[in-house]
Amino acid sequence: MNTHGTAAPKELKDSSALVVGGTAGIGLATAVGLAKAGVPRIMIVGRGSERGSAAREHISSAHSSCEVTFLSADATTVEGATHIAAEAERILDGVDILVSTTAADTRPELFANIPTDDIARIFNQLALPCMYLASEIVPHMTARKTGVIINVASDAAKTATPGEAVIGAAKAAIVMFSRTLAIEAKRNGIRVNVLTPSLVAGTGSTERITSDGFSAKLFAKAAQQAHLGVPDSEDLAALAVFLASPAARRLTGQAISVNGGISAA
C-alpha cells in the first residue's frame, strides 16, 4: 500500500487481462502483446466462435505458458456485459486489466443521410459497451484497490470530421467517460486511459470504411497526412501494454492519439 491506501500496481507477470473485442484488430494485437509481456491469464471476448477459436490459438502461440480463454458474448447489451464480467472474474480469479475495444457495423456518412432511427443504434453500439463493462468490473477492482482500464475510441472524439457526427459524438462520450472515471477511481488505485487512433492499417474496420463511397474519399485524404505512416494494430497494442504495466503507474485520465501525424488531436 502507498500513502493513499492503494495497492502497488501489479506486475504484468502477476496480472490477468480481459480483452473485449479481442478476436481481431487492435484487441487481438493487444492480447498477443500482453501474452508476450508475460500476462499469464487472458480472456478474449467476441461474438464469432470460429474467429474466437482462431484468435485463442494465435495468442497461445505467442506465449505457450499463457492460459487463454475465449468467451462468445455481446458487450453491447447490459445482459451480455454482466455475463462477461461474471465469467471473467470467475475464470481469471479477478480482472486486473480490462481492455474495451468493441466495434460497430457502421461507417462514416453525412448526418443528413443517416436515417433518424439509426442514430440510437450507432451511438449505443459504439459508446455503451465500455461503460457497461466498467460498471460491472470496477467494483471488483475497487475492492482490490488496484486495476487498469484501457478503452479504445478514436480521433473522431477530438476533431470534427465530416461524416462522423454520430460516430464522433459516441467516441467523445467514451473519452469523457474514461477521463471522469479516472478521477473518480484514482483513490482506489484504478487507472483509466483511452487510445484514440484514426486509421489503423489492416483492420476490418479500416477495410470497411475505405472500400468505397464517401468514407473512402474522406480517409484517402487523411492517409496522405500520415507522414509517419498509417499505424497498424501492433502500434496501438504496444501502447496498450505500456499503459497496463507499472511503468505507467502515474498515468491516468489521458486520451492518447496514435495516428502517424494525420492530426495533432
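The set of residues from the range 64-73 being part of a loop (DSSP other than H, G, I, E, B) and buried (at least 16 other Cβ atoms within 10 Å of the Cβ) comprises Cys66, Ala73.
Within the range 79-107, the set of residues being touching a strand residue (DSSP E or B) at 6+ places or on another chain (Cβ under 8 Å), open to solvent by less than 40 Å² (accessible area, probe 1.4 Å), farther than 15 Å from Cys130 by Cα and in a loop (DSSP other than H, G, I, E, B) comprises Gly94, Asp96. Could you list all residues from the range 199-253 that are in a loop (DSSP other than H, G, I, E, B), at pLDDT 95 or above, open to solvent by less than 60 Å² (accessible area, probe 1.4 Å) and not β-branched (Val, Ile, Thr)? Listed by number, the residues that qualify are Ser245, Leu251, Gly253.
Let's see how each residue does on (1) assigned to a helix (DSSP H, G or I); (2) in contact (Cβ under 8 Å) with a residue 40 or more places away in the chain; (3) under 30 Å from His227 (Cα atoms):
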| residue | (1), (2), (3) |
| --- | --- |
| Ile122 | yes, yes, no |
| Ala143 | yes, no, no |
| Gly163 | no, yes, yes |
| Gly168 | yes, no, yes |
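Is it true that Ala17 is under 17 Å from the mean Cα position of the chain (by Cα) and either more than 21 Å from Val152 (Cβ to Cβ) or part of a strand (DSSP E or B) (or both)? Yes.
The values are calculated or read from the model by the stated rules, or taken from the named source; none is laboratory data. Fair warning: this is a prediction, and the values are worked out from it, not measured in the lab. For neighbour counting, all protein chains shown are included, and Cβ atoms are generated from backbone atoms with ideal geometry for every residue, glycine included. Areas reflect the complete protein model, heavy atoms only, side chains present, ligands, DNA and RNA absent. Shrake-Rupley method; radii C 1.70, N 1.55, O 1.52, S 1.80 Å.
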